[in-house]
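J.: Let me begin by handing over the structure; questions about it come next.
The values are calculated or read from the model by the stated rules, or taken from the named source; none is laboratory data. Everything quoted here is computed from the prediction, not taken from an experiment. Neighbour counts are summed over all protein chains in view; Cβ atoms, including those assigned to glycine, are modelled from backbone coordinates with ideal geometry. For the accessible areas, the whole protein counts, side chains as well, though only heavy atoms, and no ligand, DNA or RNA atoms are used. Shrake-Rupley method; radii C 1.70, N 1.55, O 1.52, S 1.80 Å.
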There are 2 protein chains.
Amino acid sequence: MKTSLFSYPTPFTPPTTEEDELSFLRLARSRRVGATTFHRLLKDHGSAAAALDALPGIARAAGSADYSPCPPGVAKAELSAGRRLGARLLLPGGPGYPADLLELPDAPPLLWALGRVDLLAAPRVAVIGARNASSLGQRMARKLAEEMGRAGFAVVSGLARGIDAAAHEAALPFGTIAVMAGGIDVIYPPENRDLASRIATGGLLLAELPPGTEPQARHFPQRNRIIAALSRATLVVEAAARSGSLLTARMALDYGREVMAVPGHPMDARAAGCNMLIRDGAVLIRGAEDVIEAMGLEAAPRAEPRPDPQPSPQPAAAKAGPMAAVTGLRARLLALLGPAPTPEDTVIRDLGIDAATLSREVIGLEIEGEITRHPGGLLSRG
Amino acid sequence: MKTSLFSYPTPFTPPTTEEDELSFLRLARSRRVGATTFHRLLKDHGSAAAALDALPGIARAAGSADYSPCPPGVAKAELSAGRRLGARLLLPGGPGYPADLLELPDAPPLLWALGRVDLLAAPRVAVIGARNASSLGQRMARKLAEEMGRAGFAVVSGLARGIDAAAHEAALPFGTIAVMAGGIDVIYPPENRDLASRIATGGLLLAELPPGTEPQARHFPQRNRIIAALSRATLVVEAAARSGSLLTARMALDYGREVMAVPGHPMDARAAGCNMLIRDGAVLIRGAEDVIEAMGLEAAPRAEPRPDPQPSPQPAAAKAGPMAAVTGLRARLLALLGPAPTPEDTVIRDLGIDAATLSREVIGLEIEGEITRHPGGLLSRG
């Protein structure tokens, strides 16, 4: 796989031998070596081994006399733990490591990958959103993810409850990438264990932290930067005003990626974050066609679901047939109602009629199967 | 009232006498003299009387030997009909005629005005939308109109069913302007007769066509141009993909006015037009604050409702109190539900649980009054 190392102005040889890999891992896991420092050290010293050799001296100069880098044994243990899980280690500049991540000053020094590493060669979009998503939001996430999958994109998300899980599930037949906040073998939340194990075969799990790491609050923004940077566009389906999804979207903007959002009614709090993003310039999307149009793509090549034994997405509910011919008050009454039950009081006020008149109309329409009456004075279509 | 006549490069004296008024009306009502031609003739001949004198010659030159302008009797009859109704005739450049309309090449040659002509001196916004509006859409229209009224704006709309009527009703205590497609005394639709008569005293009715004119399909776009041009911003609340409201919005853009729209969920057909406008660059608005912000206004002066005996807008439904502490499955279940009943099947699928587990949770929450069960396997909050 071709990767460009434009954030490495100093000549730098990607790791090729087991020995190099071990040095990379040791440097990445050394105390006080964050992702940004890692790249700085590599750049300054030309190789991970050279940086490791220099590290104690640098620490001494900074006043830490007793600093020692990550011992080889610890790195070796991580390597064998990863391999026992069947995961592959991807290193910056090495095979499989996504070139897009190298645009970050704090590109992950390494990634553990479990599953279809080939998905990293596909164009990618993120589909993210609220954990406490509404049913409608989850339906939109499934629809978007499935259609983007069909259009040839790998769908990236964070394996969270709600929108993330719905998106992974729907995109799985085409290929989906879950970026995890903890170790590659630590599934959070636990109820997504089954989904994660299916992604590990039909899709791809990615984790920056060592196997066995329990995710902590501070790991989520780090994970989110990978989702944002990996994806050509980040699609936000449902998000409250102050939410992690919005932070991911802001990162995507910082990285020069596209941000797109599904709008919602202003009286729906779960649409607040998305409406805010759109006000701030995110592309308003109503479905996958809008995403593809905004990306400036022609009718994209259509992918077929892989024949893996994955549950396929549920068919959308059948639409109500054409409405029977109705006139006047009946038409206005039917127009006011939708699939979601509405209080009779509201309808009476909106129609400007009295309760008896409404009642007469409702009886007729109920008999014809046009509307349904619910207890508590609620009416709905169909 | 000061008006600028920048579309009249030729010196032109606004009509001041009864005689001038009659000439204006005759010219405007003459066969084949549309609004654009009217202004052309005024410009070329310097006065309505001169244009009327020239008209037969112009017609002859164009091959119509038997052309005669509108007879004085017809114009006199219109003048007395309008005055009998208590309406005032507003003429371009004359007192009361809104200067903003003069920016149109086809500015109305005259307007009949019934009610508070002083409202034409206030800043104005249009609140328009679907006739078959949803209850939620009408609520939003009422809220926007009332708040814009409070902020000191006169709310302009078309007296149609649905969004228009809701907006007029809510703005009436502050001042609202209804622009009519037919004559000032022909209320369409008839069910808005009561609203129209209250606007005639507490607000302002405007009509371009002679009293007694029944509105026809072709009159509505003409009427819409007045709504768009009169209003500093046109706010679209709910609109289907191909609808009159969208045409009004396009006109507003053509006239260099602001267009703003309330978003909705893409699966809601009544939001399609608004979402389309936002994609095309309209400002996404969630309430009056967004409108005021987009107009670049500071916290606007607050108007108080006039003490007229108008029904005041209904108070918004009380919000549910803070949610009782709930954990795990219960929290997820509550989060999935909203005020709109949702099918149990969907909830079961979204939660990834079985029907028996759901049923156990529902019983507890029902007892605590947190959720309501509806027939047909539907659940809602509260």
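Yes or no, residue by residue, for (1) open to solvent by less than 20 Å² (accessible area, probe 1.4 Å); (2) modelled with pLDDT of 90 or more; (3) over 31 Å from the mean Cα position of the chain (by Cα); (4) closer than 30 Å to residue B:256 by Cβ:
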site	(1), (2), (3), (4)
B:9	no, no, yes, yes
B:14	no, no, no, yes
B:45	no, yes, yes, yes
B:48	yes, yes, yes, yes
B:53	no, yes, yes, no
B:90	yes, yes, no, yes
B:102	yes, yes, no, yes
B:109	yes, yes, no, yes
B:112	yes, yes, no, yes
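J.: Would you confirm whether or not segment A:232-245 contains a residue that is farther than 28 Å from residue A:28 by Cα, within 14 Å of another protein chain (Cβ to nearest Cβ), touching a Pro at 6+ places or on another chain (Cβ under 7 Å) and not in a helix (DSSP H, G or I)?
T.: No, because not a single residue in segment A:232-245 is farther than 28 Å from residue A:28 by Cα, within 14 Å of another protein chain (Cβ to nearest Cβ), touching a Pro at 6+ places or on another chain (Cβ under 7 Å) and not in a helix (DSSP H, G or I).
J.: Let me ask something else. Please specify each residue of segment A:301-319 satisfying the condition of being away from chain B (no Cβ under 12 Å) and modelled with pLDDT under 50.
T.: A:309, A:310, A:312, A:315, A:318
J.: Still on this model: Search segment B:156-174 for residues that are at positive phi and pair each with any residue that is in a loop (DSSP other than H, G, I, E, B) and surrounded by 24 or more Cβ atoms within 10 Å (Cβ to Cβ) when their beta-carbon atoms are under 7 Å apart and the residues are at least 6 apart or on different chains.
T.: Matching pairs, first to second residue: B:162/B:129; B:162/B:130; B:162/B:133.
J.: Go through segment A:139-152 and report how many residues are open to solvent by 10 Å² or more (accessible area, probe 1.4 Å), away from every other protein chain (no Cβ under 14 Å) and not basic (Lys, Arg).
T.: Of the residues in that region, 2 qualify.
J.: If you check A:136, A:114, which single one turns out to be farther than 21 Å from residue A:207 by Cβ and not charged (D, E, K, R)?
T.: Being farther than 21 Å from residue A:207 by Cβ and not charged (D, E, K, R) holds for just one of A:136, A:114, which is A:136.
J.: Anything in segment B:153-187 that is within 11 Å of chain A (Cβ to nearest Cβ) and assigned to a strand (DSSP E or B)? List them, or say none.
T.: Selection gives nothing.
J.: Please tell me if residue B:195 is under 25 Å from residue A:352 (Cα atoms) and open to solvent by less than 40 Å² (accessible area, probe 1.4 Å).
T.: yes
J.: If you take the residues of segment A:119-138 that are more than 14 Å from chain B (Cβ to nearest Cβ) and over 16 Å from residue A:93 (Cα atoms), which of them is most open to solvent (accessible area, probe 1.4 Å)?
T.: By that ranking, first place goes to A:123.
J.: Which ones in segment B:254-268 are aliphatic (A, V, I, L, M) and at pLDDT 95 or above?
T.: Hits for segment B:254-268 are B:259, B:260, B:261, B:262.
J.: Then there's this: Mind checking which residues of segment B:59-88 are over 31 Å from the mean Cα position of the chain (by Cα), assigned to a loop (DSSP other than H, G, I, E, B) and of a type in the set (A, V, I, L, M, F, W, C)?
T.: Within segment B:59-88, B:62, B:65, B:70 meet the criteria.
J.: Looking at segment A:214-225, can you tell me whether even one residue there is more than 26 Å from residue A:275 (Cβ to Cβ), part of a loop (DSSP other than H, G, I, E, B) and in contact with a strand residue (DSSP E or B) (Cβ under 9 Å, 6 or more places away or on another chain)?
T.: yes
J.: Could you list, ordered by first residue, the pairs with Cβ atoms under 6 Å in which the first is in segment A:200-217 and farther than 20 Å from residue A:75 by Cβ and the second is part of a helix (DSSP H, G or I), at least 6 apart or interchain?
T.: Sorted first by the residue in segment A:200-217, then by its partner, the pairs are A:204/A:119; A:205/A:199.
J.: Working only within segment A:66-78, note down all residues that are surrounded by fewer than 17 Cβ atoms within 10 Å (Cβ to Cβ) and touching a helix residue (DSSP H, G or I) at 6+ places or on another chain (Cβ under 8 Å).
T.: A:67, A:68, A:71, A:72, A:74, A:76
J.: Which one of the conditions (1) touching a helix residue (DSSP H, G or I) at 6+ places or on another chain (Cβ under 8 Å); (2) within 26 Å of residue B:285 (Cβ to Cβ); (3) open to solvent by less than 40 Å² (accessible area, probe 1.4 Å); (4) not polar (S, T, N, Q) does residue B:116 fail to meet, given that it meets all the rest?
T.: Going through (1) touching a helix residue (DSSP H, G or I) at 6+ places or on another chain (Cβ under 8 Å); (2) within 26 Å of residue B:285 (Cβ to Cβ); (3) open to solvent by less than 40 Å² (accessible area, probe 1.4 Å); (4) not polar (S, T, N, Q) one by one, residue B:116 breaks only (2).
J.: Please pick out the residue among B:102, B:120, B:55 that is free of Cβ contacts under 8 Å to residues at least 60 places away in the same chain, touching a Phe, Trp or Tyr at 6+ places or on another chain (Cβ under 9 Å), on the phi < 0 side of the Ramachandran plot and part of a helix (DSSP H, G or I).
T.: Selected residue: B:55, the only one of B:102, B:120, B:55 that is free of Cβ contacts under 8 Å to residues at least 60 places away in the same chain, touching a Phe, Trp or Tyr at 6+ places or on another chain (Cβ under 9 Å), on the phi < 0 side of the Ramachandran plot and part of a helix (DSSP H, G or I).
J.: Still on this structure, I have one more. Filter segment B:261-293 for residues that are more than 9 Å from chain A (Cβ to nearest Cβ), open to solvent by 10 Å² or more (accessible area, probe 1.4 Å), farther than 19 Å from residue B:170 by Cβ and part of a helix (DSSP H, G or I) and give the result.
T.: Once the filter is applied, which keeps residues that are more than 9 Å from chain A (Cβ to nearest Cβ), open to solvent by 10 Å² or more (accessible area, probe 1.4 Å), farther than 19 Å from residue B:170 by Cβ and part of a helix (DSSP H, G or I), segment B:261-293 yields B:269, B:293.
J.: Could you tell me whether any residue of segment B:199-216 is closer than 30 Å to residue A:284 by Cβ and surrounded by fewer than 20 Cβ atoms within 10 Å (Cβ to Cβ)?
T.: Within segment B:199-216, none of the residues are closer than 30 Å to residue A:284 by Cβ and surrounded by fewer than 20 Cβ atoms within 10 Å (Cβ to Cβ).
J.: Residues of segment A:243-253 being touching a residue at least 12 places away in the same chain (Cβ under 8 Å) and either open to solvent by 60 Å² or more (accessible area, probe 1.4 Å) or not aliphatic (A, V, I, L, M) (or both), which ones?
T.: A:243, A:244, A:245, A:247, A:248
J.: So residue B:132 ticks every box in (1) of a type in the set (S, T, N, Q); (2) farther than 23 Å from residue B:187 by Cβ; (3) in contact (Cβ under 8 Å) with a residue 12 or more places away in the chain but one. Which box is left unticked?
T.: (2)
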